[in-house]
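Visitor: The structure is given below, and queries will be raised subsequently.
The values are calculated or read from the model by the stated rules, or taken from the named source; none is laboratory data. Keep in mind it's a predicted model, so treat the numbers as computed, not measured. So basically every Cβ, Gly included, is an ideal-geometry build from the backbone, and we count neighbours across all protein chains shown. Accessible surface is based on the protein model in full, side chains and every heavy atom, while ligands, DNA and RNA are left aside. Shrake-Rupley method; radii C 1.70, N 1.55, O 1.52, S 1.80 Å.
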Amino acid sequence: MVRRYQAEPVAAHTIDRMLRNAVRAPNAGFTQGWAFLVLDEPRDLARFWAATTPPGTSSNRWLDGMRSAPLIIVPLSSKAAYVRRYAESDKGWPADEEPRWAVPYWHVDAGMAALLILQTAVDEGLGGCLFGLPPDRIQAFRAEFGVPDEYSPVGAVTLGHPEASAQASGSATRRPRVPLEELVHRGQWRS
Ligand SMILES: Cc1cc2nc3c(=O)[nH]c(=O)nc-3n(C[C@H](O)[C@H](O)[C@H](O)COP(=O)(O)O)c2cc1C
């Protein structure tokens, strides 16, 4: 993750490539119950930070670095779109019954789309950081950008040319990487 950026904008064709790749993510039932809010105008970026920053927080190292990003893409997911899709005849789940997904596919799918945005950024020589929005700022975010209630931001992704002096600063610098052997269970779960 990159959390501080140069002022140079991200080229329009690069933004388009990120978005074209995002919608090639695997998605349950080919529902495509996702959407992407793209902010690359300084005024819109300022509106994003004003809406999502908790009141009373004006400046800190993380925020100052992230605010330098010339581009933010907000991937959103819609549970309602999956409920509608899975009520279609080839799936046949009643729309009024709590459906039987083992995990919320709408968030899984939008998360994979977000990863494709990040991977495309790296492929283009850029950097990015996916971060969560504070739960108590989601309504303000929706209101600011006219986002319908059925869409939830699964996070937001800052993107841009990495600031040359930017050092890794996230949790990964403070926590050890868990050894692969502890995470991978081959043939049988072993604790
Ligand atoms: C769901 C999710 C939420 C995250 N939220 C934040 C966040 O709020 N702030 C932040 O700086 N990074 C956030 N991150 C980035 C992680 O801190 C980062 O990916 C992780 O520490 C691994 O570091 P690396 O990607 O640089 O290897 C988030 C990542 C994910 C997947």
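Visitor: For segment 48-88, what is the Kirkwood estimate of the hydrodynamic radius, computed as the reciprocal of the mean inverse distance between distinct Cα atoms, to one decimal in Å?
Guide: On the way: mean 1/r = 0.0757 Å⁻¹.
Kirkwood hydrodynamic radius for segment 48-88: 13.2 Å.
Visitor: Measure off, as a whole percent, the carbon and sulfur share of the 1.4 Å-probe accessible area of the chain, all protein chains present.
Guide: Working: 5880 of 11180 Å².
Taking all protein chains in place, the chain shows 53 percent carbon and sulfur surface.
Visitor: Also: Can you pull the percent of Cα pairs in the chain with separation above 30 Å? Please list the in-between numbers first.
Guide: Working: 5200 of 18145 pairs.
Summing the P(r) tail past 30 Å for the chain gives 29 percent.
Visitor: Measuring from a point 7 Å past the Cα of E144 along Cα-to-C-beta, which residues in segment 65-89 have an amide N at less than 15 Å?
Guide: Answer for this model: 66-75.
Visitor: Same structure again: Please give the solvent-accessible surface of H107 in Å², to the nearest 10, using a probe radius of 1.4 Å with every protein chain present.
Guide: Using a 1.4 Å probe on the heavy atoms, I get roughly 80 Å².
Visitor: Before rounding to the nearest 500, sum -39500 (n - 2.57) across all DSSP H runs of length at least 4 in the chain and divide by the residue total; then give [θ] at 222 nm in deg cm²/dmol. Spell out each step's value before the answer.
Guide: Values: 7 runs with 68 residues, N = 191.
For the chain, the value works out to -10500 deg cm²/dmol.
Visitor: How much area per residue is accessible in the chain when the probe is 1.4 Å and only protein heavy atoms are counted (Å²)?
Guide: Numbers: 11180 Å² over 191 residues.
Here the per-residue accessible area is 59 Å².
Visitor: Once label points are set 7 Å from the Cα along Cα→Cβ at both D136 and F30, what is their separation, rounded to one decimal in nm?
Guide: Each label point is offset 7 Å from its Cα along the Cβ direction, giving 4.4 nm.
Visitor: Mind telling me which of V108, V147, V178 comes out most flexible in a GNM of the chain, alpha-carbon contacts under 10 Å?
Guide: It is V178.
Visitor: Projected area of segment 1-83, taken from the Cα convex hull and averaged over every viewing direction, in nm²? If you can, show how the numbers build up before the last one.
Guide: Details: hull surface 27.8 nm².
Taking a quarter of the hull surface, the average projection is 6.9 nm².
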